[in-house]
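Okay, structure first, notes after.
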Amino acid sequence: MSHVIRMTVTGMLGLTFMFVVDLANLFWISRLGDERLVAALGFAWNVQFFTIAVGIGIMIAATALVSKALGEGKKVEAKKFAMGCMSLGVGIQFILAIFIITFRSEIVKFTGASGQTAQLAERFLLISIPTLPLMALGMVGSAILRSEGDAYRSMFVTMSAGLVALIADPILIIWLELGLDGAAINTGLSRVASTSFALYSVIKVHNLLAKLTLSVIRSTLFPFLIIALPAILTQLSGPFASFVITKVIAEFGDSAVAGLSVVNRLTVVAFGGIFSLSGAIGGIFGQNYGAKMFFRVRSTYWNSIIFCIAYTLIAWFILILSTEWIIKLFLLGEIGSEVVRSFNYFAAGGFLFTGMIFVASSAFNNMGKPVYSTIMTWLRDGLVMLPAVLLGASMFGAIGVVYGNAFAALIIGLPSCFIGWLFIKKLNPDET
């Protein structure tokens with residue numbers, strides 16, 4: 001449990017700090033007094049969420065390959081995997097950036113944005129998306145550090161980006177009067193900071209990057225794709241769900257979308273520990289699986305579930321107490337306020353079950369069964385989410401969309417937890 005807590009808390013501090021900065025970004029934009037700007041940031045966030053999901057899938061592959069090699073005592077192989085994963089990650093995000101920039105207008109309209117709100121979202125993407133390859137370097141670098149067990153430097157990869165953003169946000173958005181453009185520029189500056197620290201730590205501190213050669217990329221490609229493709233598909237279920245929710249709630253106007261934008265930021269800030277849990281325990285699973293210490297794998301699984309439950313209950317309680325203050329802080333209208341209340345008072349409890357999905361998913365991804373993780377998340381976000389959200393909207397309006405999201409987590413979370421345990425229990429059944 002101490003290992004789970006240490007790895008998760010350090011990951012949480014870095015991730016949560018980054019999302020606090022993102023929330024501050026939304027705060028400064030809201031100070032401009034135009035809900036269209038907040039809504040535009042919400043629509044653009046859906047597209048950014050898609051790119052981050054791809055990055056997390058790449059991180060999962062890097063963590064699984066590097067941590068397993070280190071657990072087996074094969075550092076040279078780990079260095080080759082590290083370089084191969086980093087190179088492939090940059091290539092994937094480069095292609096993705098070109099695609100989004102080329103079709104940004106169609107993509108934004110597809111999310112449900114229209115008029116000036118859509119134009120603002122398109123402009124934000126045009127400025128921020130070209131730095132995706134830098135984001136890939138930082139994210140894979142963080143995964144390599146976590147695979148090595150260097151939780152603190154991995155944490156500071158994301159914290160360094162947050163520190164830059166925290167300082168630059170008010171300067172760019174308010175003092176230089178760049179508004180939404182300032183927020184987009186700050187995204188790029190943050191990625192430069194995180195990438196610089198990640199590369200320094202991986203190369204200079206741990207010497208965990210092999211020389212970049214074609215043979216290194218070729219030898220990494222197949223094992224990378226075996227894990228990365230299903231992992232990326234798994235992570236894409238989140239942006240798909242976000243897209244569905246945004247598109248449905250957009251029917252209730254910009255105020256509802258603005259409220260959802262605040263909820264999305266609250267989600268990642270309040271439940272940063274749950275989001276970081278999956279990546280944090282991935283290295284623990286991978287190293288102990290590679291070392292064939294299966295009793296530690298089982299202990300990690302249940303300690304992670306316990307951590308998830310305790311963390312969610314505490315975060316939920318804090319959200320309930322701070323609801324009205326949050327509504328006033330972001331100057332939300334009537335519908336936007338109701339969306340925030342529906343999440344803080346009720347739907348936030350759904351993370352009890354979302355966390356269970358994350359833990360089971362991490363186990364599958366790092367022990368050779370990534371397809372299981374893909375199936376679980378798409379059952380939630382593909383099969384259950386859409387009808388739940390549509391039914392909720394028809395019954396309760398905008399707040400029903402939030403309720404539908406929480407219901408989908410409940411339906412899939414408990415079975416996922418049970419199936420994950422059955423899988424782990426079968427590892428080396430002869431061990432006492």
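The values are calculated or read from the model by the stated rules, or taken from the named source; none is laboratory data. Please read all numbers here as calculations on a predicted model, not as lab measurements. No Cβ is skipped: glycine too gets one built from the backbone with ideal geometry, and neighbour counts run over all protein chains shown.
Taking the criterion of being within 30 Å of Leu70 (Cα to Cα) and among the aliphatic types (A, V, I, L, M), would at least one residue in the stretch 285-296 satisfy it? Please lay out each step first, then the result.
Pass one, the stretch 285-296, residues within 30 Å of Leu70 (Cα to Cα): 285-296.
Restricting the remaining residues to those that are among the aliphatic types (A, V, I, L, M) gives 291, 293.
Checked against the condition, which is being within 30 Å of Leu70 (Cα to Cα) and among the aliphatic types (A, V, I, L, M), the stretch 285-296 yields at least one hit.
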Contacts under 8 angstrom Cβ, first residue in the stretch 106-127 being under 12 Å from Leu41 (Cα atoms) and touching a residue at least 60 places away in the same chain (Cβ under 8 Å), partner part of a loop (DSSP other than H, G, I, E, B) and of a type outside the set (Ser, Thr, Tyr), 6 or more apart: Ala121/Ala113
Of all residues making up the stretch 173-193, the number that are assigned to a loop (DSSP other than H, G, I, E, B) and either among the aliphatic types (A, V, I, L, M) or buried (at least 21 other Cβ atoms within 10 Å of the Cβ) (or both): 2
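Any idea which of Val140, Val54, Val108 is in contact with an Asp or Glu (Cβ under 9 Å, 6 or more places away or on another chain), crowded, with 20+ Cβ neighbours inside 10 Å and part of a helix (DSSP H, G or I)?
Val108
When residues of the stretch 206-241 are filtered for being modelled with pLDDT under 90 and more than 24 Å from the chain's Cα centre (by Cα), how many remain? Please lay out each step first, then the result.
In the first step, residues of the stretch 206-241 are kept if they are modelled with pLDDT under 90; the result is 206-212, 226-241.
Those left that are additionally more than 24 Å from the chain's Cα centre (by Cα): 206-212.
Total satisfying the criteria: 7.
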Among (1) more than 18 Å from the chain's Cα centre (by Cα); (2) buried (at least 17 other Cβ atoms within 10 Å of the Cβ), the one test that Gly368 misses: (2)
Lone qualifier among Ala393, Ala406 - being among the hydrophobic types (A, V, I, L, M, F, W, C), under 21 Å from the mean Cα position of the chain (by Cα) and over 11 Å from Ile357 (Cβ atoms): Ala406
Conditions (1) within 27 Å of Leu319 (Cβ to Cβ); (2) part of a loop (DSSP other than H, G, I, E, B); number of the one not met by Leu277: (2)
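For the stretch 336-359, enumerate the residues that are small (Gly, Ala, Ser), closer than 15 Å to Ile314 by Cβ and surrounded by 23 or more Cβ atoms within 10 Å (Cβ to Cβ). It would help to see each step written out before you state the result.
Keep residues of the stretch 336-359 that are small (Gly, Ala, Ser), which gives 336-337, 342, 347-350, 355.
If we keep only those that are closer than 15 Å to Ile314 by Cβ as well, we get 348-349, 355.
Matches in the stretch 336-359: Ala348, Gly355.
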Check on Ile306, modelled with pLDDT of 85 or more, surrounded by fewer than 16 Cβ atoms within 10 Å (Cβ to Cβ) and farther than 24 Å from Val402 by Cβ: yes
Any chance Ala121 is surrounded by fewer than 24 Cβ atoms within 10 Å (Cβ to Cβ), of a type outside the set (Lys, Arg) and on the phi < 0 side of the Ramachandran plot: no
Thr8 vs. criteria modelled with pLDDT under 65, touching a Leu at 6+ places or on another chain (Cβ under 7 Å) and assigned to a helix (DSSP H, G or I): yes
For Met135: the one exception among (1) surrounded by 23 or more Cβ atoms within 10 Å (Cβ to Cβ); (2) of a type outside the set (Lys, Arg); (3) farther than 17 Å from Ile98 by Cβ: (3)
Cβ pairs under 9 Å, 6+ apart, first in the stretch 147-158 and farther than 16 Å from Ala193 by Cα and of a type in the set (Asp, Glu), second modelled with pLDDT under 80 and crowded, with 21+ Cβ neighbours inside 10 Å: Glu148/Gly283
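Select from the stretch 377-387 the residues that are within 17 Å of the chain's Cα centre (by Cα) and of a type outside the set (Ser, Thr, Tyr) and list them in ascending order. Don't jump to the end; show me each part of the working.
At the first step, the residues of the stretch 377-387 found to be within 17 Å of the chain's Cα centre (by Cα) are 377-378, 380-381.
Passing the criteria: Trp378, Arg380, Asp381.
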Qualifying residue in the stretch 204-219 (condition: of a type in the set (Gly, Ala, Ser), surrounded by 18 or more Cβ atoms within 10 Å (Cβ to Cβ) and not in a loop (DSSP other than H, G, I, E, B)): no
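Going by the conditions given, is Gly413 assigned to a helix (DSSP H, G or I) and more than 19 Å from Cys308 (Cα to Cα)?
Details: assigned to a helix (DSSP H, G or I): yes; more than 19 Å from Cys308 (Cα to Cα): no.
For Gly413, the condition - assigned to a helix (DSSP H, G or I) and more than 19 Å from Cys308 (Cα to Cα) - is not met.
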Residue list for the stretch 249-303, filter: within 25 Å of Gly42 (Cα to Cα), surrounded by fewer than 21 Cβ atoms within 10 Å (Cβ to Cβ) and either touching a strand residue (DSSP E or B) at 6+ places or on another chain (Cβ under 9 Å) or of a type in the set (D, E, K, R) (or both): Glu251
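Mind listing whichever residues of the stretch 306-346 are of a type in the set (Phe, Trp, Tyr), farther than 28 Å from Val359 by Cβ and not in a helix (DSSP H, G or I)? Steps first, answer last, please.
Step one: of the stretch 306-346, the residues of a type in the set (Phe, Trp, Tyr) are 307, 311, 316-317, 325, 330, 343, 345-346.
Then keep just the ones that are farther than 28 Å from Val359 by Cβ; that gives 325, 330.
The one that is of a type in the set (Phe, Trp, Tyr), farther than 28 Å from Val359 by Cβ and not in a helix (DSSP H, G or I): Phe330.
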